[in-house]
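Written out below as structure tokens is the structure these notes cover.
The values are calculated or read from the model by the stated rules, or taken from the named source; none is laboratory data. Quick caveat: nothing in here was measured; it's all calculated off a predicted structure. Note that we place each Cβ from the backbone using ideal geometry, even for glycine, and neighbour counts take in every protein chain shown.
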Amino acid sequence: MKPLTVIGLSLLFLAIESPAQIVDSLDERPLKIHHAEPLYMDLVRDIGARKGEREWNLGWGLEKNSRYSANSGFIEYEFAPLNRLGFEVEVPFTLYRSYLEEGQRETSAVPHNRIEGVKLATQYTFLVSDKHQLSMAAGYMHELVTHSFYTISQRHSLWKGHRMTPFLIIARKWGANIHSMLYTGPEFDLVNHGGPAEMYYQANLSMHYVLPHSGHFIGLEMNQETAKHFYSLVFRPQVKIKLADGLALGLVTGLPLHMNSGNSISFLTRLIYEPRHRTH
């Protein structure tokens, strides 16, 4: 078992407490512990989400390697129709730019521009422990993967396959300002036109320090992915800046442990808008 998985799963032993519903005495809503949410592997909705919460995310990222650059973006909508239950819809896209000079021949090594697909996800918080300042949630993400614009125009085929990801989240608040979170689970990749599914395992561990009375934080994500003949670990230092009530900006840099694993240095910016919701 990889180190991040061992460290993260050890938090599970802190959850030896009855998962009975704890109620906020001010408004009779279920207790919610406010955990710092990572900016790269963000959640479907806050852990312990309350009915009526909503959030919009707009993102733009850049990644470069020796042959081309990839400009990626996404639009994402999160909402909680019930206490502790969240849903998400996300549409990511990627635009590629070759480094070949004018007159040089294009190679197949440069991918085609594409809308990556449609991601649909749900998440349920099944434990909130006030004593341990710990929350746990489980969820499922299903991605409908599309072909590139080029393939769609040439083959008149839209859907390429599916990706299915069940996941577990364990989050702990340490004192007033330090937060840790583990997001882990398998990913089943079915994009081979009837071939066998490929399985990956992800273990994403994050640590954040929230600046007191500000809404800003600084932190680090460690995104680990393993398969039968593949291993990747990317460190993602990040900051979140609160611009106004309900509006924040996140900045993330990706630093891969091995540059030859298909990863390269990357950058992501995320604009987060959370409309105010009514309480009952």
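As a summary of the residue check, Leu82 satisfies the conditions (1) surrounded by 15 or more Cβ atoms within 10 Å (Cβ to Cβ); (2) at pLDDT 85 or above except for the one numbered (1). Considering segment 165-176 alone, what residues qualify as being exposed (fewer than 15 other Cβ atoms within 10 Å of the Cβ) and either under 14 Å from the mean Cα position of the chain (by Cα) or at pLDDT 95 or above (or both)? Scanning segment 165-176 gives Pro166, Trp174.
When Ser264, Ser232 are checked against the criterion of being assigned to a loop (DSSP other than H, G, I, E, B) and under 20 Å from the mean Cα position of the chain (by Cα), Ser264 stands alone in meeting it.
Against the test of being surrounded by fewer than 16 Cβ atoms within 10 Å (Cβ to Cβ) and under 17 Å from Asp46 (Cβ atoms), the options Leu247, Leu182 yield a single qualifying residue, Leu247.
Conditions tested, residue by residue: (1) part of a loop (DSSP other than H, G, I, E, B); (2) farther than 17 Å from Met181 by Cα; (3) of a type in the set (Val, Ile, Thr).
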residue: Thr122; (1), (2), (3): no, yes, yes
residue: Leu127; (1), (2), (3): no, no, no
residue: Gly139; (1), (2), (3): no, no, no
residue: Val145; (1), (2), (3): no, yes, yes
residue: His162; (1), (2), (3): no, yes, no
residue: Thr165; (1), (2), (3): no, yes, yes
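Is it the case that some residue within segment 189-202 is among the hydroxyl-bearing types (Ser, Thr, Tyr) and at pLDDT 90 or above? For segment 189-202, residues among the hydroxyl-bearing types (Ser, Thr, Tyr) and at pLDDT 90 or above: present. Only one of the listed residues (Ser72, Ser66) is modelled with pLDDT under 95, farther than 20 Å from Met136 by Cβ and part of a strand (DSSP E or B). That residue is Ser72.
Candidates Leu95, Leu85: the one that is hydrophobic (A, V, I, L, M, F, W, C) and within 18 Å of Asp42 (Cβ to Cβ) is Leu85. Take the residues in segment 186-229 that are of a type in the set (Ser, Thr, Tyr) and in a strand (DSSP E or B), then tell me which one is farthest from the chain's Cα centre (by Cα). Residue satisfying both the conditions and the ranking: Tyr209.
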